[in-house]
Amino acid sequence: MSNDPSNAPEFSVSELSGAIKRRLEDDFGHVRVRGEMGRVTLARSGHVYVDLKDANSVLSAVMWKGVAASLRFQPEEGMEVIATGKISTFPGSSKYQLIIENLEPAGVGALLAQLEERKKRLASEGLFDPDAKQALPYLPQIIGVVTSPTGAVIRDILHRLTERFPVHVILWPVLVQGDKAAPQLARAIKGFNALPAASGHGTGAIPRPDLIIVARGGGSIEDLWAFNEEIVVRAAAASTIPLISAIGHETDTTLIDFAADRRAPTPTGAAELAVPVRTELLQRLATLDGRLARAVLRTLEGQRIALRAASARLPKSDTILASARQRMDLIDLRFAPSLRALVTAKIHDLTALGGRLRPMILTTDVSRKTQVVQALGMRLQGAMMRRTGLERHALAQSNVRLESASVRLKAAMARQLDLKARHVTSQASLLEALSYRSALARGFVVVRGRNHGVVRTKADMQGQSRLTLTFVDGDAQVHIDEKPASDKPKRERTSLPKPTQGLLFD
């Protein structure tokens, strides 16, 4: 066999890349790879690009959009996973990659590690802050339950509520396991919070619950994983309605338990936290009512005894009023003489004042006031004459200035009117020169077709059977012969003017 390079077959780059791609896909068409996730990139197309690595090597991998959307967990850097798929190449570059068809955490330990990391991150944002917890209503009238409508959980809750204290229950049916469970759980919590607070029975609208219970039966960590999803935890923490989480058994713990206002060990325990026992409440009310009645009776009896004791120490009414009555008698005895003395004194004073009132005093005072008024009148008359003279002088000056301004205004208006008249005359001349009527006077015509539309081009004449020609002295109608040009004599002339330059278009 010759070692001459010229005898080796030649491949194009695409042929060689395709051959390598087919060979890798045939030899490694189904592989399972265990490794730690390094770089995780979510493209805008929905595809996910990741690096799988161990202590010595790195393997590039890609998950197409459909595979990434069906994952039951969120891929994160540092998570140990098991990827199933096939080895292939990317023709755009000389590198091989794993096409991931299935991705799962490498055992429960990986899920627990992811759960712990998510718990720390959400706790750092304050979603689990105890100070943000709301108090549960003592006796809610309406309870919203978020759970599966077909499981035993809803039956246990309804049974326990009926035993303890029957209330109105609204069920929001959701999936509690699987890929679609988390979005439905978050949507249900947000939906209860979005109900209007003013809604009530008999209005046809769904009433807003006073308390929400999110419940599910027991299961493995994978079965309960929907209650660890971030959208569910954030919806529970943001709920303005008090929320009880009852997920799994007492030993099961999910992240929604930390975000809820109260955690119940079981769904039945959630019903016990939600409402008190009706019979116990009635018994307690009866006990309190009896205690209240006895306390009121004891209080009234004590006050009655105290009142009798206080009234026994009070003096008799005749004793209290005796001194007052004696004072009234003394006052009555002194009242009549005092009144007569007072009237006599007032009569004496009035007589003295009447003696001092004489007509001469009034006449003198009126004469003095009259002189003062006359003097003021003369001063006022002189002042008015001076003021009138000043006003007349000012009015005469204003008339002179007004006449001068009127003369100047008339002259200015005459100049403006002359300028405007000359401008209008020049514009009218220009308009006449630019009017198409002047062009008609020079021998041009306006051609119009149907609907009085102006015919500007030869193409506009297609389909026209009748034209209107506008001359300077009027219109004329022209009919068009639609026969083909080959049927007419070669030298036949149309009735339209031959030079198109002679047509004027608007």
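The values are calculated or read from the model by the stated rules, or taken from the named source; none is laboratory data. Here the structure is a predicted model, which is why all the values come from computation and not from measurement. Don't worry about glycine lacking a Cβ; one is built from the backbone with ideal geometry, like all the others, and counts go over all protein chains shown.
Checking every residue in the range 105-119 against the condition of being surrounded by fewer than 18 Cβ atoms within 10 Å (Cβ to Cβ) and farther than 23 Å from I231 by Cα gives at least one match. Filtered by the rule that a residue be part of a loop (DSSP other than H, G, I, E, B) and aliphatic (A, V, I, L, M), the range 204-224 gives A205, I206, I221, L224.
For the range 42-100, the candidate set comprises residues that are acidic (D, E) and farther than 22 Å from F28 by Cβ; within that set, the residue that is surrounded by the fewest Cβ atoms within 10 Å (Cβ to Cβ) is E77.
The residues in the range 142-181 that are within 30 Å of the chain's Cα centre (by Cα) and surrounded by 13 or more Cβ atoms within 10 Å (Cβ to Cβ) can be counted, and the count is 11.
Among residues that are touching a residue at least 60 places away in the same chain (Cβ under 8 Å), of a type in the set (S, T, N, Q) and in contact with a helix residue (DSSP H, G or I) (Cβ under 8 Å, 6 or more places away or on another chain), Q74 is included. Here I231 does not qualify as touching a residue at least 60 places away in the same chain (Cβ under 8 Å) and either closer than 20 Å to T251 by Cβ or in contact with a helix residue (DSSP H, G or I) (Cβ under 7 Å, 6 or more places away or on another chain) (or both).
Applying a threshold of 8 Å to beta carbon distances and a minimum spacing of six or more residues, or different chains, the list of pairs starting in the range 451-470 at a residue that is surrounded by 12 or more Cβ atoms within 10 Å (Cβ to Cβ) and ending at one that is polar (S, T, N, Q) and in a strand (DSSP E or B) reads L467/Q477; T468/Q477; L469/Q477. Taking every residue in the range 164-193 that is within 23 Å of E104 (Cβ to Cβ) and pairing it with any residue that is crowded, with 19+ Cβ neighbours inside 10 Å and acidic (D, E), at least 6 positions away or on another chain, the pairs with Cβ-Cβ distances below 9 Å are A181/E229; A182/E229; P183/E229; L185/E229. Among the residues making up the range 260-280, those that are in a loop (DSSP other than H, G, I, E, B) and touching a Leu at 6+ places or on another chain (Cβ under 8 Å) are A260, D261, A264, V275, P276. Can you find a residue in the range 140-157 that is modelled with pLDDT of 90 or more, in contact with a Ser or Thr (Cβ under 7 Å, 6 or more places away or on another chain) and not hydrophobic (A, V, I, L, M, F, W, C)? Yes, the range 140-157 contains at least one residue that is modelled with pLDDT of 90 or more, in contact with a Ser or Thr (Cβ under 7 Å, 6 or more places away or on another chain) and not hydrophobic (A, V, I, L, M, F, W, C). Screening A433, A428 for residues that are surrounded by 10 or more Cβ atoms within 10 Å (Cβ to Cβ), in a helix (DSSP H, G or I) and at pLDDT below 85 leaves exactly one candidate, A428. Restricted to the range 237-259, and to residues there that are among the aliphatic types (A, V, I, L, M) and either modelled with pLDDT of 95 or more or not in a helix (DSSP H, G or I) (or both), the residue that is surrounded by the fewest Cβ atoms within 10 Å (Cβ to Cβ) is A238. Restricting to the range 24-41, and then to whatever is surrounded by 12 or more Cβ atoms within 10 Å (Cβ to Cβ) and farther than 18 Å from E76 by Cβ, can you tell me which residue is nearest to the chain's Cα centre (by Cα)? Filtering first and then ranking leaves V31.
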